[in-house]
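Asks: Supplied in structure tokens, the structure appears directly below.
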């Protein structure tokens, strides 16, 4: 049997918290953090863009891509003004009275290499945005936020890895409020995240997992490593190897003990070695309420 060649990648996942909608300094801080890390593949959550009254688009993802030199980028919208308009979402009301034609937010992927077709890496194509959770009616809050998996294939021979970025559900008052409310909300949220993890496995099983293809799974899972969506679904059932940070703080969000932003590699036996860490700097603290996670991986 021909021995597989090794490939190295620097991966990064970062919830940027809709930085485009803030005063501008947050996005500047995001760009500074990403520049310092210099990832090969960057997955972001809560990346926003809007279309002004004259039809021009203003994109956080585009600004990051231009600033850090990751020219290949794609936004996978999860929510938009045109599709989900609700008066209880302040951003939508702001958009209406500032004459925006549209506003979108979702997961994004930026890559040093071009994107390829999922089924034929010899040909170029765009990433695909796949729903993994949708409620019957959007109510303007995160309880009803749709959730998606943005999947791409990277034109980096000889491995041509798949990359999937996602952002799992968190519910209003899941981590705050009285003890009874907290317990009920947390249990429901864990159940939803488990359901979303299983849908990711359903998406990948036949064409990626069963074929032993290399896949990098990154995102804000709103779950610590012991939660069933990770420990039971992704690791035990799915066979993903979670990369455990060995540097930086042991949290990625101030309201949760333990990291909730994670990087996984599949299959575990093709992971040769890795180093994983949480970025903690003044810029990272200013940019978002999440700290990014980075990993240098070598796979075969």
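Asks: Suppose we keep only residues that are in a loop (DSSP other than H, G, I, E, B) and out of contact with any helix residue (DSSP H, G or I) (no Cβ under 8 Å at 6 or more places or on another chain) within the stretch 64-100. Which one would you say is nearest to residue 43 (Cα to Cα)? Working first, answer last.
Replies: Restricting attention to the stretch 64-100, the residues satisfying the condition of being in a loop (DSSP other than H, G, I, E, B) are 69-71, 85-89, 98-100.
After this cut, where a residue has to be out of contact with any helix residue (DSSP H, G or I) (no Cβ under 8 Å at 6 or more places or on another chain) as well, the list is 69, 88-89, 98-99.
Working: 69: 15, 88: 29, 89: 25, 98: 29, 99: 30 Å.
Once the filter is applied, the top-ranked residue is 69.
Asks: Which residues, counting only those in the stretch 221-231, are surrounded by fewer than 18 Cβ atoms within 10 Å (Cβ to Cβ) and part of a helix (DSSP H, G or I)?
Replies: Scanning the stretch 221-231 gives 228, 231.
Asks: Here are 234, 209, 218: which of them is more than 18 Å from the chain's Cα centre (by Cα), surrounded by 15 or more Cβ atoms within 10 Å (Cβ to Cβ) and either farther than 21 Å from residue 108 by Cα or at pLDDT 95 or above (or both)?
Replies: Being more than 18 Å from the chain's Cα centre (by Cα), surrounded by 15 or more Cβ atoms within 10 Å (Cβ to Cβ) and either farther than 21 Å from residue 108 by Cα or at pLDDT 95 or above (or both) holds for just one of 234, 209, 218, which is 209.
Asks: If residue 283 meets every condition in (1) outside any helix (DSSP H, G or I); (2) touching a residue at least 40 places away in the same chain (Cβ under 8 Å); (3) in contact with a helix residue (DSSP H, G or I) (Cβ under 8 Å, 6 or more places away or on another chain) apart from one, which number is that one?
Replies: Residue 283 satisfies all of (1) outside any helix (DSSP H, G or I); (2) touching a residue at least 40 places away in the same chain (Cβ under 8 Å); (3) in contact with a helix residue (DSSP H, G or I) (Cβ under 8 Å, 6 or more places away or on another chain) except (1).
Asks: Could you check the stretch 257-300 and list, in sequence order, the residues that are under 19 Å from the mean Cα position of the chain (by Cα), under 25 Å from residue 174 (Cα atoms) and surrounded by fewer than 17 Cβ atoms within 10 Å (Cβ to Cβ)?
Replies: Of everything in the stretch 257-300, those that are under 19 Å from the mean Cα position of the chain (by Cα), under 25 Å from residue 174 (Cα atoms) and surrounded by fewer than 17 Cβ atoms within 10 Å (Cβ to Cβ) turn out to be 258, 285, 289.
Asks: Further question on the same structure: Within the stretch 25-35, does at least one residue satisfy the condition of being surrounded by fewer than 21 Cβ atoms within 10 Å (Cβ to Cβ) and touching a strand residue (DSSP E or B) at 6+ places or on another chain (Cβ under 9 Å)?
Replies: no
Asks: Do we find a residue being at pLDDT 95 or above, touching a strand residue (DSSP E or B) at 6+ places or on another chain (Cβ under 6 Å) and farther than 30 Å from residue 53 by Cα anywhere in the stretch 127-137?
Replies: Yes; the residues of the stretch 127-137 include at least one that is at pLDDT 95 or above, touching a strand residue (DSSP E or B) at 6+ places or on another chain (Cβ under 6 Å) and farther than 30 Å from residue 53 by Cα.
Asks: Looking at residue 47, is it assigned to a strand (DSSP E or B) and touching a helix residue (DSSP H, G or I) at 6+ places or on another chain (Cβ under 7 Å)? It would help to see each step written out before you state the result.
Replies: Working: assigned to a strand (DSSP E or B): yes; touching a helix residue (DSSP H, G or I) at 6+ places or on another chain (Cβ under 7 Å): yes.
For residue 47, the condition - assigned to a strand (DSSP E or B) and touching a helix residue (DSSP H, G or I) at 6+ places or on another chain (Cβ under 7 Å) - is met.
Asks: Would you point out which residue out of 8, 51, 66, 45 is closer than 22 Å to residue 298 by Cα and at pLDDT 95 or above? Break it down into steps so the answer makes sense when it comes.
Replies: Working: 51 fails: closer than 22 Å to residue 298 by Cα; 66 fails: closer than 22 Å to residue 298 by Cα; 45 fails: closer than 22 Å to residue 298 by Cα.
So the residue among 8, 51, 66, 45 that is closer than 22 Å to residue 298 by Cα and at pLDDT 95 or above is 8.
Asks: Kindly check whether there is at least one residue in the stretch 240-259 that is more than 23 Å from residue 37 (Cβ to Cβ), free of Cβ contacts under 8 Å to residues at least 40 places away in the same chain and not in a loop (DSSP other than H, G, I, E, B). Quick ask: steps written out before the conclusion?
Replies: Step one: list which residues in the stretch 240-259 are more than 23 Å from residue 37 (Cβ to Cβ), which gives 255, 257.
Add one more test, that the residue is free of Cβ contacts under 8 Å to residues at least 40 places away in the same chain, and what stays is 257.
Retained after the next criterion (residues that are not in a loop (DSSP other than H, G, I, E, B)): none.
No, every residue in the stretch 240-259 fails to be more than 23 Å from residue 37 (Cβ to Cβ), free of Cβ contacts under 8 Å to residues at least 40 places away in the same chain and not in a loop (DSSP other than H, G, I, E, B).
Asks: Hey, another quick one. Kindly indicate which of 159, 132 is within 17 Å of the chain's Cα centre (by Cα) and either in contact (Cβ under 8 Å) with a residue 40 or more places away in the chain or surrounded by 20 or more Cβ atoms within 10 Å (Cβ to Cβ) (or both).
Replies: Just a single option satisfies the conditions, and that option is 132.
One line per residue, one yes/no per condition, for (1) buried (at least 23 other Cβ atoms within 10 Å of the Cβ); (2) over 30 Å from residue 207 (Cα atoms); (3) within 18 Å of the chain's Cα centre (by Cα):
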{"site": "38", "(1), (2), (3)": "no, yes, yes"}
{"site": "51", "(1), (2), (3)": "no, yes, no"}
{"site": "57", "(1), (2), (3)": "no, yes, no"}
{"site": "61", "(1), (2), (3)": "yes, no, yes"}
{"site": "65", "(1), (2), (3)": "no, no, yes"}
{"site": "77", "(1), (2), (3)": "no, no, yes"}
{"site": "87", "(1), (2), (3)": "no, yes, no"}
{"site": "98", "(1), (2), (3)": "no, yes, no"}
{"site": "122", "(1), (2), (3)": "no, no, no"}
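Asks: If you don't mind, there's one more thing I want to ask. Got a sec? Which of 181, 226 is out of contact with any helix residue (DSSP H, G or I) (no Cβ under 9 Å at 6 or more places or on another chain) and at pLDDT below 95? Quick ask: steps written out before the conclusion?
Replies: Values: 226 fails: at pLDDT below 95.
Of 181, 226, the one residue that is out of contact with any helix residue (DSSP H, G or I) (no Cβ under 9 Å at 6 or more places or on another chain) and at pLDDT below 95 is 181.
The values are calculated or read from the model by the stated rules, or taken from the named source; none is laboratory data. Keep in mind that this is a model prediction, so the values were computed, not measured. So basically every Cβ, Gly included, is an ideal-geometry build from the backbone, and we count neighbours across all protein chains shown.
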